[in-house]
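A short write-up of the structure that comes next.
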Amino acid sequence: MTEEAIEKENAEIAKAYKRLLKVSYQTLTATDKKLIREAFEVAVDAHKEQRRKSGEAYIFHPIAVATIVASEIGLDATSIAAALLHDVVEDNPDYTISDIERLFGATIARIVDGLTKISSLNKDADVSTQAENFRKMLLTLNDDVRVIIIKIADRLHNMQTMDAMRPDKQEKIASETLYIYAPLAHRIGLYNIKTELEDLGLKYTEPEVYNDIFNKIQESKEEQDAYINTFSKVIVDSLDKEGLDYEIKGRPKSIYSIRRKMVKQGVSFDEVYDKFAVRIIYKSDLANEKFFSWKIYSIVTDHFTPNPKRLRDWISSPKSTGYEALHITVMGPKGRWVEVQIRSERMNEIAEKGYAAHYKYKQGNTEDALDTWIDKLQEALETNETNAVDFVEQFKLNLYSKEIYVFSPKGDLKSLPKGATPIDFAFSVHTQVGMKTRGAKVNGKLVPLSHELQSGDQVEILTSENAKPNTNWLDYATTSRARSKIKSSLKDEKKGIALDGKEILRRKLKQLKISLDEKSINEMVTHFKLKTSLDLFYRVGIGTIDNKMLKEYAASRSNMFMSYIKNRIRKPTVAPDLDKDEITAKYDLLVFGKEEEKLDYKLSACCNPIPGDKVFGFLTINEGIKVHKKNCPNALSLQSNYAYRIIQAKWIDSSQQEFSALINLSGIDNLGLVNNITQVISANMHVNMKSISFQSDDGIFSGKINVVVTNKNMLKKLMDNLKKINGIDKVTRV
Ligand code: MN
């Protein structure tokens with residue numbers, strides 16, 4: 001570079017730095033400015049040899065990230081300094097975290113450390129590693145939420161300046177942005193940044209689609225402005241008469257959200273009717289805010305008919321991100337539905353700045369939704385039983401689903417994702433309440449645990465000391481918190497059974513003169529086609545592997561040569577993973593519908609489902625039931641066009657399939673007989689009683705019990721125990 005070019009670049013750097021200070025949302029004190037200056041100087045020195053792919057000096061990147069942090073997100077001087085330093089330790093070996101700590105103190109060092117750790121996560125990862133990285137990233141929330149926020153700003157600037165990169169890299173970074181960063185920004189309440197990340201994500205993953213929509217929006221801009229003008233003219237007089245101080249703006253929907261609507265509703269650009277919203281932002285002191293919002297509501301609806309189904313009052317119950325506003329949809333000029341968003345200046349600032357504005361306006365005694373959210377997230381993260389992909393998927397589901405609001409019996413308000421059930425509510429109250437849930441009442445009426453809650457419901461959880469989670473709960477629970485708690489409880493229970501099963505197995509093998517050691521365990525795991533030793537112990541524990549099967553194993557063992565030959569001929573099996581601390585499912589049976597029926601089916605060729613995949617059945621005209629994967633490319637159109645021909649389907653472990661059995665009892669009635677019977681049933685683990693009825697006629701007793709068990713051994717054991725009860729004469733299965 002010529003001296004002249006260097007001088008010019010230095011002037012540009014100085015200009016960018018000055019702008020950073022000028023656009024800060026927070027007012028900076030002299031001490032703040034000194035801190036930022038020092039961080040800037042260290043960053044300039046650390047990156048002095050570096051250039052970006054585009055050729056410009058690297059320091060422009062940290063300045064840009066700091067500018068986003070200072071102005072768009074509105075964080076404090078500490079965060080601005082940390083943003084300037086975010087790549088220093090990663091890019092220059094001359095600087096260590098302890099240097100940063102010595103120069104800038106513990107807080108900034110901790111944030112920079114967190115950011116350095118995230119950057120060093122494997123960048124060329126597939127989805128599951130990405131998910132794991134994402135989870136690790138969320139774990140840094142533990143240290144400081146500012147780490148995540150600065151990381152989002154970093155990603156935004158990288159997305160804004162990606163043109164010089166290789167197309168395959170652009171696409172990879174863009175899809176990661178859509179997968180992880182946009183949902184995170186949404187959850188933290190950084191709506192503007194989320195929108196920009198999504199639009200840029202679409203630009204690099206589907207450039208043609210992006211450009212097409214982009215151009216069409218430009219073309220229709222004039223028409224839109226005219227429409228908003230017509231709309232405003234109708235209401236300004238009434239608003240002015242009330243002496244309100246306000247501004248009416250048109251707000252175009254983002255390219256990404258228009259795209260989503262086109263795909264979801266299967267319509268063209270022109271057919272998406274709500275391509276923009278009208279925003280009314282008014283001045284108000286805190287005391288009159290709510291009053292004014294409803295005043296404006298009433299003026300708007302005096303002139304335009306509101307859609308009764310589309311009123312959202314986020315002023316009375318703010319979203320968990322802190323978002324407040326009144327949204328209505330009205331029939332506007334030319335007979336078109338328009339969304340109208342009514343916000344005070346304060347609410348608008350919160351909507352745009354999220355986190356920062358929230359803290360600025362935070363009142364001493366109000367519970368902070370963001371803190372609550374971070375606590376919840378933390379809790380979900382600490383239960384590391386769920387695998388990372390599941391976790392991210394669940395997390396994203398929770399992010400994007402609309403929220404519902406329900407009340408506790410005392411009238412406390414809880415927000416839950418749409419589709420939540422009493423189980424989710426119970427776990428959101430307290431883990432111990434969730435674990436002991438026996439039933440639920442919604443608005444005073446008993447409901448099944450699978451009941452979908454609606455906004456405004458009052459939910460009461462009935463608990464009992466004997467209640468505990470069962471696998472069905474996983475079909476009803478939608479929040480990641482409830483699901484991870486249920487999964488880990490089921491896992492603990494299974495491990496307990498496996499522990500008992502191991503002792504039973506030791507005893508039974510002894511009778512067959514075989515000792516339980518590594519060799520025999522290994523043989524049995526292979527013989528029964530299992531994966532882990534815990535699988536073996538667990539199946540002995542629940543009785544799926546019985547005496548007869550063990551005798552067969554013993555016999556095969558006595559003829560080692562034959563079994564050696566047999567094993568050679570048999571398809572090679574995967575080597576068992578004996579020490580793995582896991583009970584695996586065998587997924588060998590496909591069942592349909594709520595009743596889990598076995599039906600004839602064919603696997604579809606378009607997506608080739610394999611056991612364990614998430615699937616559904618589709619009733620074809622000539623070929624019976626065809627099974628597709630839930631993410632099959634054809635699934636969406638099948639589900640939307642032929643919903644009535646879809647049957648639920650899932651893979652299960654046939655050794656654990658539940659079936660119901662009806663037992664008849666008869667005998668001589670005596671005091672406490674019924675009590676004894678119910679005690680025997682509830683003492684038998686894993687037996688689920690569906691219905692029970694007794695009758696007594698002149699001292700002769702008869703009863704019918706409907707039970708659900710996972711295998712015949714269990715049923716036999718139960719019937720044997722019932723026979724032992726004093727007074728019972730006959731026990732038969734119908
Ligand atoms: Mn960076």
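Worth pointing out:
- Spatially proximal lysines relative to LYS410 (Cα-Cα < 18 Å; intrachain offsets below 8 disregarded): LYS441, LYS445
- Each of VAL209, LEU156, ALA77 was scored by the projection of its Cα onto the charge dipole of the chain, and the greatest displacement toward the positive side belongs to VAL209; charges sit on the C-beta of Lys, Arg, Asp and Glu.
- Portion, in percent, of the accessible area of segment 659-733 that falls on carbon or sulfur, probe 1.4 Å: 50
- Solvent-accessible area of segment 267-349 (1.4 angstrom probe, protein heavy atoms only): carbon and sulfur portion equals 51 percent.
- Within the shell defined by Cβ-Cβ distances under 10 Å, the residues around GLU596 carry a net charge of 0, with Lys and Arg each +1 and Asp and Glu each -1.
- FRET efficiency, 1/(1 + (r/R0)^6) with R0 22 Å, evaluated for ASN688 and VAL734 via beta carbons: 0.80
- Theoretical FRET efficiency, 1/(1+(r/R0)^6), r = Cβ-Cβ of SER558 and LYS717, R0 45 Å, to 0.05: 0.95
- Of the cross-linked pairs LYS203/LYS261; LYS172/LYS203; LYS275/LYS319, those separated by over 19 Å at the C-alpha level are LYS275/LYS319.
- A simple charge model with +1 on the Cβ of Lys and Arg, -1 on the Cβ of Asp and Glu and nothing else charged puts the dipole of segment 659-733 at about 460 debye relative to its Cα centre.
- Placing a pseudo-label 7 Å from each Cα along the Cα-to-Cβ vector at ASN706 and LYS53 gives an inter-label distance of 6.3 nm.
- Share, in percent, of DSSP beta bridges within segment 217-361 that are antiparallel, nearest 5: 75
- Inter-label distance for ILE668 and LYS519, nm, one decimal - labels placed 7 Å from Cα along Cα-to-Cβ: 5.7
- Summed side-chain charge close to SER408 - residues other than SER408 whose Cβ falls under 14 Å, Lys, Arg +1, Asp, Glu -1: -1
- Unit charges at the beta carbon, dipole of segment 659-733: most positive-side option, GLY672, SER696, LEU662: LEU662
- Subtracting the Cα-Cα distance of VAL209 and TYR642 from their residue separation scaled by 0.36 nm leaves 153.1 nm.
- In the complete set of protein chains, residue-level accessible area for MET1 is approximately 140 Å², probe 1.4 angstrom.
- Nearest-20 debye value, the chain charge dipole, Cβ charges on Lys, Arg, Asp, Glu: 3100
- Unit charges at the beta carbon, dipole of the chain: most positive-side option, ASN547, ILE504, TRP314: ASN547
- Residue pairs exceeding 24 angstrom between C-alpha atoms, taken from LYS418/LYS614; LYS233/LYS295; LYS468/LYS598; LYS485/LYS650; LYS548/LYS690; LYS468/LYS717: LYS468/LYS598; LYS548/LYS690.
- Per residue value of the accessible surface for segment 613-734 (all protein chains in place, 1.4 Å probe), Å²: 59
- Accessible area of HIS157 in the full protein assembly, 1.4 Å probe (Å², nearest 10): 20
The values are calculated or read from the model by the stated rules, or taken from the named source; none is laboratory data. Note that the coordinates shown come from a computational prediction; the quantities given were computed from them, not determined experimentally. With ideal geometry, Cβ positions are generated from the backbone for all residues, glycine too; neighbour counts draw on all protein chains shown. Heads up: the accessible areas ignore ligands, DNA and RNA and are worked out on the full protein's heavy atoms, side chains in. Shrake-Rupley method; radii C 1.70, N 1.55, O 1.52, S 1.80 Å.
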